[in-house]
Amino acid sequence: MNKATFILSFDCEGKWGMADIIDDKINSSITNQNLTTSYKSILTLLDKYQIKGTFAFVAALTMSTDEFKDKRDWFAKSNVMIDKNQKWLKNFFENAEGNNFDGWFHPNLLDLVINSHTRHEIATHGFTHLPLSENIIDQNCFKHEMDRVQDIMTMKGLNARTIIFPRNLIGYLNLLNDYNIVGYRDRLFNSRSIFLEKI
């Protein structure tokens, strides 16, 4: 008799997942404390049932605020126009000006996953969760995002071999091998950002 198999993946993004639509509700609900509570609950359940998962981290989320301050120029290059009216990291930089990094940087989440009883895969979910589709960004922007992912993974002593594309918008598959990526999650549904235009 065949045994059923399933793949469980988690998009680990904090506020980066909604960088273009941050509002007061998101700011107050996606906090480091709430993220820690959620991740501990998820990891406890996975340990209890001995289920392995893929945790795809937005690389920026795994940085500390000190690492951000040291590498701030990395973020300036990711602040590209995503539509005619807004830059991708506009909301992030507004929060950063007020020294509000809660929900943006939380390296302890990565530590929780790595140190959990069950061994999980660590994958990438981009550098700043910028959609990586050819319809939205150019190849240079894609390379910048992936170069930063590699830099951060190296800082953390990791090597992500799988990518979960931000907003499930797949792009530049021909370049994944350059970053030692051997697998990705396919898009099974339409994402709201499918309607973003390339600027």
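Being touching a helix residue (DSSP H, G or I) at 6+ places or on another chain (Cβ under 6 Å) and farther than 23 Å from G157 by Cβ is the requirement here; does P131 meet it?
It is true that P131 is touching a helix residue (DSSP H, G or I) at 6+ places or on another chain (Cβ under 6 Å) and farther than 23 Å from G157 by Cβ.
Just the residues that are closer than 11 Å to W104 by Cβ and free of Cβ contacts under 8 Å to residues at least 40 places away in the same chain, please, taken from the stretch 62-84.
Correct list: F68 only.
Go over the candidates F68, F10, F75 one by one and state the one that is crowded, with 16+ Cβ neighbours inside 10 Å, outside any helix (DSSP H, G or I) and of a type outside the set (D, E, K, R).
Result: F10 is the single residue among F68, F10, F75 that is crowded, with 16+ Cβ neighbours inside 10 Å, outside any helix (DSSP H, G or I) and of a type outside the set (D, E, K, R).
Applying the selection to the stretch 13-28, what residues are part of a helix (DSSP H, G or I), under 18 Å from the mean Cα position of the chain (by Cα) and not β-branched (V, I, T)?
G14, K15, W16, G17, M18, N27
Output the qualifying pairs, or none if there are none: Cβ atoms under 9 angstrom, residues six or more apart or on different chains, first residue in the stretch 112-123 and in contact (Cβ under 8 Å) with a residue 60 or more places away in the chain, second residue in a helix (DSSP H, G or I) and surrounded by fewer than 14 Cβ atoms within 10 Å (Cβ to Cβ).
Listed pairs, sorted by first residue: L112/K40; S116/T44; S116/D47; H117/D47; T118/D47.
How many of the residues in the stretch 101-129 are part of a loop (DSSP other than H, G, I, E, B) and of a type outside the set (K, R)?
Matching residues across the stretch 101-129 total 16.
How about the stretch 3-51: which of its residues are among the hydroxyl-bearing types (S, T, Y) and within 21 Å of P107 (Cβ to Cβ)?
Listed by number, the residues that qualify are S9, S29, T31, T36, T37, S38, Y39, S41, T44.
At pLDDT below 95, surrounded by fewer than 14 Cβ atoms within 10 Å (Cβ to Cβ) and out of contact with any Phe, Trp or Tyr (no Cβ under 9 Å at 6 or more places or on another chain) - does that describe any residue in the stretch 115-135?
Yes - at least one qualifying residue is present in the stretch 115-135.
What pairs come out if I take residues in the stretch 43-61 that are touching a residue at least 24 places away in the same chain (Cβ under 8 Å) and pair them with residues that are basic (K, R) whose C-beta lies under 9 Å away, six or more apart or interchain?
Sorted first by the residue in the stretch 43-61, then by its partner, the pairs are L46/K52; K52/R119; T54/R185; A56/R185; A59/R148; A59/K156; A60/R148; L61/K15.
Given the criteria crowded, with 18+ Cβ neighbours inside 10 Å, among the aromatic types (F, W, Y) and in contact with a helix residue (DSSP H, G or I) (Cβ under 8 Å, 6 or more places away or on another chain), does W88 qualify?
Answer is no for this residue.
The values are calculated or read from the model by the stated rules, or taken from the named source; none is laboratory data. Predicted, not measured: the structure shown is a model, and the values here were computed from it. No Cβ is skipped: glycine too gets one built from the backbone with ideal geometry, and neighbour counts run over all protein chains shown.
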